[in-house]
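Here's the structure we're looking at; comments come further down.
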Amino acid sequence: MPAVPETGTAGKVYGWFSRKARPMHFTSHQVLDDGLAERHFTLGEIPGILWTPGTVTAPLILLGHPGGLDGMYPRLLGRARSSAALGFASATIELPGSGSRPGLPGVDAARRDLRHAVTAGKPVGDDIVDRLITPLIEQSVPEWSRLLDALPDIDGPVGYSGGILAIGVRLALTEPRIVAAGLFAGSYVPASTFDEARQVTIPLHVLLQWDDEGNDRQMALDLFDAFGSAEKTLQASMGGHRGVPAHAGEDTARFFARHLRR
């Protein structure tokens, strides 16, 4: 079914989402072949997508990712469909500096430095990681909270899945509406993220690709060890960054089913 315009802003905020909503403008609404409702929106200047299983209010999984919505859409839709099969809504927003959003010159320069170091087989210095990741954390984490303030028809609890690892750690620590997180150990993290990880207490399910060419495996293992959560699982699979096996996704789904279903 083709997308049709939808006007107005998010109305009443339900359940956990009781704070005053920020302006959310829905720009399109379509129902996909499997009955999944897909609504594109803008939250101020930030584009995003909300998927809901029918019209019933549902727990929510925030879908983190490392780029623009257009490029990530096929994978995001697949994850949203998996969430809907569990009876969960899903929502995502575009990462700062990616897709249609204005570039972040300092981050772009740090990304080039990272690629040069990895290509040359050199160690990735803390300075590069800080310049690349810290601005994304500082800008995107408040944006995810704004999204939770604004979303309609969602009846908590909330989970966070995927994304840039350090952003997920900060959200797990600072956003009280998130009760469980499924994290992907596929990106570098600043040293400060280790201090934050020690304070995280919510249940965690962490995926690690053992042969990830762009990830520091030992750093990922050390970060998992640092988490303060009483319930935490590390699932490591052979293969590169995009080789996550289907059964790992299924195990993550079971993790969220345990913690988000009432």
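Pro157 falls short on exactly one of the conditions (1) assigned to a loop (DSSP other than H, G, I, E, B); (2) under 24 Å from Arg254 (Cβ atoms), and that condition is (1). Evaluation of Arg254 against the conditions (1) open to solvent by 20 Å² or more (accessible area, probe 1.4 Å); (2) farther than 19 Å from Phe88 by Cβ shows that the sole unmet condition is (2).
Against the condition modelled with pLDDT of 95 or more, closer than 30 Å to Asp113 by Cα and open to solvent by less than 20 Å² (accessible area, probe 1.4 Å), how does Phe194 come out, does it pass? Steps first, please.
On the way: modelled with pLDDT of 95 or more: yes; closer than 30 Å to Asp113 by Cα: yes; open to solvent by less than 20 Å² (accessible area, probe 1.4 Å): no.
It is false that Phe194 is modelled with pLDDT of 95 or more, closer than 30 Å to Asp113 by Cα and open to solvent by less than 20 Å² (accessible area, probe 1.4 Å).
If you go through region 173-188 one residue at a time, how many are among the hydrophobic types (A, V, I, L, M, F, W, C), at pLDDT 95 or above and open to solvent by less than 10 Å² (accessible area, probe 1.4 Å)?
First, the residues of region 173-188 that are among the hydrophobic types (A, V, I, L, M, F, W, C): 173, 178-181, 183-185.
Add one more test, that the residue is at pLDDT 95 or above, and what stays is 173, 178-181, 183.
So of that shortlist, the ones also open to solvent by less than 10 Å² (accessible area, probe 1.4 Å) come out as 178, 180-181, 183.
Looking only at that region, the number is 4.
May I ask you to say which residue of Arg217, Arg170 is modelled with pLDDT under 95 and open to solvent by 10 Å² or more (accessible area, probe 1.4 Å)?
Details: Arg170 fails: modelled with pLDDT under 95.
The match here is Arg217.
Suppose the filter is in a loop (DSSP other than H, G, I, E, B) and at pLDDT 90 or above; does Leu132 pass it? Criteria not met by Leu132.
The values are calculated or read from the model by the stated rules, or taken from the named source; none is laboratory data. None of the values given here were measured: they were computed from a predicted structure. Ideal geometry is used to build each Cβ from the backbone, glycine not excepted, and the neighbour counts take in all protein chains shown. To get the accessible areas, we keep the full protein, side chains included, count just its heavy atoms, and leave off ligands, DNA and RNA. Shrake-Rupley method; radii C 1.70, N 1.55, O 1.52, S 1.80 Å.
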